[in-house]
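Taking it in order: structure first as structure tokens, then the write-up.
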Amino acid sequence: MPKYLSPSNFVDMPTINKDYIEIKPIALKDAQEIINKFHKHNIQPQGHKFSLGIFRKQLDNWECDDYEGLHDWVIIDKFDTDDDSIIEYYDPEFGDVNYSEKYDAYVLNVGGEGIYARPKSEGSILLGVATVGLPVACPLNDGKTLEITRICFVNDDDEPCFDSQLPQFNKDHASPVPSMFVSTIIKKVKELGYKKLITYTRIDEPAKYLKAVGFIIEFTQTRIKKWKSKNADKIYNKSAPSLKNRWSINCA
């Protein structure tokens, strides 16, 4: 199988509006899979109260004139003129299409250049996941508080079927997608009747998306706490332990 070519080699995400973003519940096992694969310094949580996924609706038509219009496809390779496995069939949605059995991919004509490509998804494109549960620290588990135990966005450097960067509504500013995601989590926590939401970040993380929705730092560790659980080695294989900030927001 030819090596994947990431779409980020050719194109940045376009400026889109919030109507293209969808946030909805996902199964814990699906969130765990993404976290184990993409989270920079942690592994999956064992349980949750709820998990959410944030998605981008598809942008592309079946045909485009250049790579700048190609956002919903994983580019597999350039077209092989000696490929004798091409079959043509009629698709009710797209009409006549060509498919390569050898490359297990569609043949697209992009500005006069043939490429093999597969759709990123049958539906929306996953941007990230979040899990929310009871506070991990027992003294904080007062029956009124929930914790964002993980929030994780996919990384195109590791997996070409996801976006190379988060969609921006204004190319002159950072993506608002993380803040949108956290705002939805806060609303869900309020709906469940909890009064407070907390989360942790490493002290070297700016966490601007938390500040943007009203989180404040309520505690900063002064010494590194190392886990001694059976999963400690898995965590430290991802990154070295670090001092952390605990953030909180009043949801009452």
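The table that follows gives values for the structure above.
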read-out	value
GLN58 long-range amide H proximity, modeled H, under 5 Å	ILE125
Added length on full extension, which subtracts the Cα-Cα distance from 0.36 nm per residue, GLN221 to ILE87	42.1 nm
Normalised contact order of the range 67-119, rounded percent, pairs of Cα under 8 Å and 6 or more residues apart	39 percent
Modelled FRET efficiency - R0 22 Å, ASP142 with LYS187, Cβ distances, 0.05 increments	0.55
Phi-based couplings in Hz for the range 113-119 (Karplus 6.51, -1.76, 1.60; Gly and Pro marked x)	10, x, 9, 9, 8, 10, x
Cα-based convex hull, the range 67-119, per residue volume (Å³, whole number)	84 Å³
Subset of LYS208/LYS244; LYS18/LYS208; LYS49/LYS196; LYS24/LYS102 violating a 25 Å alpha-carbon distance limit	LYS24/LYS102
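Rule-based calculations on the coordinates, nothing more; no lab input. Every value quoted in this text rests on a predicted model; they were computed, and no experiment measured them. So basically every Cβ, Gly included, is an ideal-geometry build from the backbone, and we count neighbours across all protein chains shown.
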